[in-house]
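I have a structure here, written as structure tokens, and I will follow up with some questions on it.
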Amino acid sequence: MTKQDANRPINDPLADPASAINDASDEMISNEAVELRAQLDEAKERALRLHADWENYRKRARKELDDERRFADLGLLTDLLPVLDNMQRAIEAASKTPDGGGLLEGFKLVKQQLDNVLAQHNCTRIEALDTPFDPHMHEAVSQHASAAHEPGTVLMVIRDGYMLHERVVRPAQVIVSGPAT
């Protein structure tokens, strides 16, 4: 070692070329490790997001399937409701004639049986008479002035409405009270 070499600082790459290469190599490895760690963290985050998305999809698909099962009878019930309306009209007409007693009782029994079948399948009649008008459950066909009722109260039901679970199958057609004149 020369006098000049002895005066060089220890970190001087010219003092120890092998040390300088090792330092550069260590720095490169350190940078690669930091970069790889960042990529790993990003991959973990992506995996967590994908897992959360998958869970949300699974829950949404389960709910849609449950709803589809709950409302599978909707089409059939929609087709049966006019039959039920006609039965009610026949009962009302038969009750007005003196010779319709046997037929009237038969229609009442059949209608009661049909009402029971609908109830077993969670299809219920919407109770509308003397309730506040609700555009989600009622269809107003007329408005009459009434001093005896608050404005917006259902005065008469023209056609019954029905619900399947919490979904309206058919709104009730009603006459609503208006302001008294």
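The values are calculated or read from the model by the stated rules, or taken from the named source; none is laboratory data. Here the structure is a predicted model, which means the values were calculated and not measured. Virtual Cβ from ideal backbone geometry, glycine too; neighbours counted across all protein chains shown.
So which of S142, S146, S95 is at pLDDT below 90, surrounded by 12 or more Cβ atoms within 10 Å (Cβ to Cβ) and closer than 21 Å to A180 by Cα?
S146
Quick check on my filter: what residues within the stretch 133-181 are within 30 Å of R69 (Cβ to Cβ) and of a type in the set (G, A, S)?
If the condition is that a residue be within 30 Å of R69 (Cβ to Cβ) and of a type in the set (G, A, S), then G161, A172 are the ones that fit.
Next up: Are any of the residues in the stretch 74-90 of a type in the set (K, R) and either within 32 Å of the chain's Cα centre (by Cα) or surrounded by fewer than 14 Cβ atoms within 10 Å (Cβ to Cβ) (or both)?
yes
Here are D16, D66, D41, D5: which of them is at pLDDT 75 or above, of a type in the set (D, E), more than 24 Å from R167 (Cα to Cα) and surrounded by 10 or more Cβ atoms within 10 Å (Cβ to Cβ)?
Matching residue, one of D16, D66, D41, D5: D41.
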